[in-house]
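Before we start, here is the structure in question, set down as structure tokens.
The values are calculated or read from the model by the stated rules, or taken from the named source; none is laboratory data. Since the model is a prediction, treat every value here as computed from it, not as a measurement. Here the Cβ is made from the backbone with ideal geometry for all residues, glycine too, and neighbour counts use every protein chain on show. When the accessible area is computed, the model is the full protein with side chains, heavy atoms only, and any ligands, DNA or RNA have been set aside. Shrake-Rupley method; radii C 1.70, N 1.55, O 1.52, S 1.80 Å.
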Amino acid sequence: MSKLVVMSYRLIAAGRRGSRRVPANYSLAACDSQKLARWTVAVATVCASIGCHQSRDEAHAREVATRVRSEFLHAWTNYEKYAWGHDALKPLSKTPHDWYGQSLLMTPVDALDTLILMKLDEEAAKAKQLILKDLSFDRDVYVKNFEITIRLLGGLLSSYQLTNDKRLLDLAEDLGNRLLPVFNSPTGLPYVDVNLRTGQVRDAKTNPAETGTLLLEFGTLSKLTGKSMYYEKAKRALMETFKRRSAIGLVGSTIDVETGAWVDADSHISGGIDSYYEYLWKCWLLFGDKDCQEMWQASISAVNRYLADEVRGELWYGHADMNTGRLTASQYGALDAFFPALLAHSGDVARARRLQDSSFKMWNMHEIEPEIIDYKTMQIVYNGYHLRPEIVESTYYLHHFTHDPQYRKMGEKIFHNFVKYCRVDSGYAALQDVVTKEKRDEMESFVLAETFKYFYLLFASPDTLDFDKVVFNTEAHPLRRTD
């Protein structure tokens, strides 16, 4: 930085502090009128250039946001064209897909708050009308409690808070009641599946993500309906999971909800455990629940002690035995890439930055991240790409907390690759292989609920959503604090 710019900053800063002092050798008394005039012009020029640069950056960001919105519309309109009224679009075959043989309107419910935030008013109204007209949970089907909670219950609650249409809250309450039987186990840990009509449950083998990623949604349902039972059951499940952590503070990969015994002692931050840690922190933020705060503090210290791994001067998180803390695998992937967001959100920005650098290195290996790599060898373990949002989520959070322009540049690179390799005529397609870029016939609802939403929020005007007044559930549905 030039001496003139440095001194200009000092003069500006002095003015902000209300001080009449200027840097030594530039006192006002020592300046003749010409020098003072030249100095004033120089300072004004520096200020103007800074302001212009920021203005150009913001203008460019709005341009990228507009492109994101346009690409979201490409995916959405093709869903409308080929899969309207169904759970999801298969973009290569241009056919609809329903999870359980009959539609629960997964994509419309999951995408509604994205449509609203992007101010796609006509599309949002049409999606909401479809939901209110056709969505019924009185169905004789077994559904996966975790997925239905984060996608449908979370989506309905968020959209209700954005629209104040009580019919959406009524649907959420009906769904919440139909999911409640999952908690009727000897331990209070939820079963995996529940029949929406009969309330019968099945599958006692589950994981911490599925037992501990329920309180944001069920707790919000309690706050909005005034009925405490939803909060109590979901919180008990979260606490029962935490209670079964090992002596060194880690949880495993698989647990039996009937006995409370661990079936698999593999500990990590990846799929199956990831959002358990996320909700410990976020439930403290959303509800001010001090039990969640204490559980988070105990958990994150163990995670950072036993799972963090330094390789080549880079920070990664691997797998360890939950009882001994011994590292057992150097695997990291697309799902793990949520963790920089959680670290930044909870105040550990320095660690978040380092881990984000590692995630971006993984992305840049093939200009699209693989599902899993071995970070010691930098070899691919699983070569698919499911259009996941986690690395975008972390980029958004880090930009929010640091205002560092590198994160928008990073996000723009990710978005460019995302469009280049995954866009097809009828939407966006997952990749079978990130090396060959062979596509697969899949566009899950979370692409519209999460991936595009985080891309958009990264570049959109900050007043699009008041970050400090909401907490995102793990499906990127913003839930507003309520008393």
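Select from region 398-440 the residues that are touching a Cys at 6+ places or on another chain (Cβ under 8 Å) and in a loop (DSSP other than H, G, I, E, B) and list them in ascending order.
Ala429, Ala430
So, of the residues in region 378-403 that are over 22 Å from the mean Cα position of the chain (by Cα) and without any contact (Cβ under 8 Å) to a residue 24 or more places away in the chain, which turns out to be surrounded by the most Cβ atoms within 10 Å (Cβ to Cβ)?
Met378
With the checklist (1) under 17 Å from Trp99 (Cα atoms); (2) among the aromatic types (Phe, Trp, Tyr); (3) open to solvent by 40 Å² or more (accessible area, probe 1.4 Å) in hand, flag the one item Phe137 doesn't pass.
Unmet for Phe137, out of (1) under 17 Å from Trp99 (Cα atoms); (2) among the aromatic types (Phe, Trp, Tyr); (3) open to solvent by 40 Å² or more (accessible area, probe 1.4 Å): (3).
Out of Leu105, Leu117, which single residue is aliphatic (A, V, I, L, M) and either surrounded by fewer than 18 Cβ atoms within 10 Å (Cβ to Cβ) or on the phi > 0 side of the Ramachandran plot (or both)?
Criteria check complete, one pass: Leu105.
OK, next. Residues being of a type outside the set (A, V, I, L, M, F, W, C), in contact with a Phe, Trp or Tyr (Cβ under 9 Å, 6 or more places away or on another chain) and assigned to a helix (DSSP H, G or I): count how many of those fall in region 451-474.
Of region 451-474, the ones of a type outside the set (A, V, I, L, M, F, W, C) are 451, 453-454, 456, 461-464, 466, 468-469, 473-474.
Filter again for in contact with a Phe, Trp or Tyr (Cβ under 9 Å, 6 or more places away or on another chain), leaving 451, 453-454, 456, 464, 473-474.
Those left that are additionally assigned to a helix (DSSP H, G or I): 451, 453-454, 456, 464.
Here the count works out to 5.
Next question, about the same structure. Cβ contacts < 9 Å: first residue under 18 Å from Arg139 (Cβ atoms), restricted to region 195-224; second residue at pLDDT 95 or above and polar (S, T, N, Q), any location; separation 6+ or different chain. Result?
Here the result reads Gly199/Asn184; Val201/Asn145; Val201/Asn184; Val201/Ser185; Val201/Asn195; Arg202/Asn195, each pair linking region 195-224 to a residue that is at pLDDT 95 or above and polar (S, T, N, Q).
Before we move on, is Lys223 in contact with a Cys (Cβ under 9 Å, 6 or more places away or on another chain) and in a helix (DSSP H, G or I)?
On the way: in contact with a Cys (Cβ under 9 Å, 6 or more places away or on another chain): no; in a helix (DSSP H, G or I): yes.
When the stated conditions are applied, Lys223 does not pass them.
Next up: Could you grab me the full set of residues in region 417-438 that are under 21 Å from Asn383 (Cβ atoms) and open to solvent by 10 Å² or more (accessible area, probe 1.4 Å)?
If the condition is that a residue be under 21 Å from Asn383 (Cβ atoms) and open to solvent by 10 Å² or more (accessible area, probe 1.4 Å), then Val419, Lys420, Tyr421, Arg423, Val424, Gln432, Asp433, Val435, Thr436, Lys437, Glu438 are the ones that fit.
Tell me which of these Leu189 doesn't satisfy, since it passes every other one: (1) more than 30 Å from Thr328 (Cα to Cα); (2) open to solvent by less than 10 Å² (accessible area, probe 1.4 Å).
The one condition Leu189 does not meet is (1).
Still on this model: Restricting to region 292-332, count the residues that are more than 14 Å from Ser267 (Cα to Cα) and among the basic types (Lys, Arg).
Residues in region 292-332 being more than 14 Å from Ser267 (Cα to Cα) and among the basic types (Lys, Arg): 1 in total.
Then there's this: Are any of the residues in region 441-450 under 26 Å from Pro370 (Cβ atoms) and assigned to a strand (DSSP E or B)?
yes
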